[in-house]
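The values are calculated or read from the model by the stated rules, or taken from the named source; none is laboratory data. Everything quoted here is computed from the prediction, not taken from an experiment. Ideal geometry is used to build each Cβ from the backbone, glycine not excepted, and the neighbour counts take in all protein chains shown. All accessible areas refer to the heavy atoms of the entire protein, side chains included, with ligands and DNA or RNA removed. Shrake-Rupley method; radii C 1.70, N 1.55, O 1.52, S 1.80 Å.
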Amino acid sequence: MTSNSHSVCVYCGSRDGADTAYATAAEDTGAMLAANDWRLVYGAGDVGLMGRVANATQASGGRTFGVIPTHLLDWEVGKRDLDTFIITETMHERKKVMFMNCDAVVVLPGGAGSLDEFFEALTWRQLGLHEKPIYLLNINGFWNPLKALLDNVVGQGFAESSILDFVSIVDDVPSLEDQLKTAFRA
């Protein structure tokens, strides 16, 4: 497969967060996706890190695929100038459409929604429902508490240690790009 046939689902916050490095990483991620001709699949919002990833992808000539439920059109400011803009009835539909249209999952800093999306993708992987790579973009250690939680879940006997192999933690966008390139060559 050539790189232009790949799509990367990015889960991230609808807010910018407290550290300006999160916004920079979101913009760098969007530009990186476009530079590799990988399509961005995301939640179709035009606010927070979501908007930053999409705007940077578009500004760099990249392709975009957004999915948003009707009840979030106003709240997340549905970004209607995407290459593909899909409106769903529910959050469950949104997550399914996003996931079914990607080859890899990247999770930037975010809140409860990003965690929900991450854990659903991880659970599906654990259950053998997919083999898509999952990456946590660990800007300034944002995901360190989540890594500790996953280690604790395994340590306390609630999951096999193999669950830790389903998640790659990367500290910056260049490392993420390298890992995606490797995954897409495999």
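Only one of the numbered conditions (1) open to solvent by 10 Å² or more (accessible area, probe 1.4 Å); (2) farther than 15 Å from Pro109 by Cα is violated by Val47, and that is (2). If you go through the stretch 89-117 and keep only what is open to solvent by 10 Å² or more (accessible area, probe 1.4 Å), among the hydroxyl-bearing types (Ser, Thr, Tyr) and either assigned to a strand (DSSP E or B) or in contact (Cβ under 8 Å) with a residue 24 or more places away in the chain (or both), you end up with nothing. With the structure loaded, tell me whether Ser168 is within 21 Å of Gly48 (Cβ to Cβ), small (Gly, Ala, Ser) and either open to solvent by less than 20 Å² (accessible area, probe 1.4 Å) or in a strand (DSSP E or B) (or both) or whether it fails that test. So Ser168 fails the test. Within the stretch 1-59, restricting attention to residues that are β-branched (Val, Ile, Thr) and either part of a loop (DSSP other than H, G, I, E, B) or in contact (Cβ under 8 Å) with a residue 24 or more places away in the chain (or both), the residue that is farthest from Ala183 (Cα to Cα) is Val47.
The residues of the stretch 53-72 that are within 14 Å of Ser14 (Cα to Cα) and either in contact with a Phe, Trp or Tyr (Cβ under 9 Å, 6 or more places away or on another chain) or among the β-branched types (Val, Ile, Thr) (or both), listed by number, are Val53, Ala54, Gly66, Val67, Ile68.
Taking the condition free of Cβ contacts under 8 Å to residues at least 60 places away in the same chain, farther than 16 Å from Pro109 by Cα and open to solvent by less than 40 Å² (accessible area, probe 1.4 Å), does Leu150 pass? Here the answer is yes, as Leu150 does meet what is asked.
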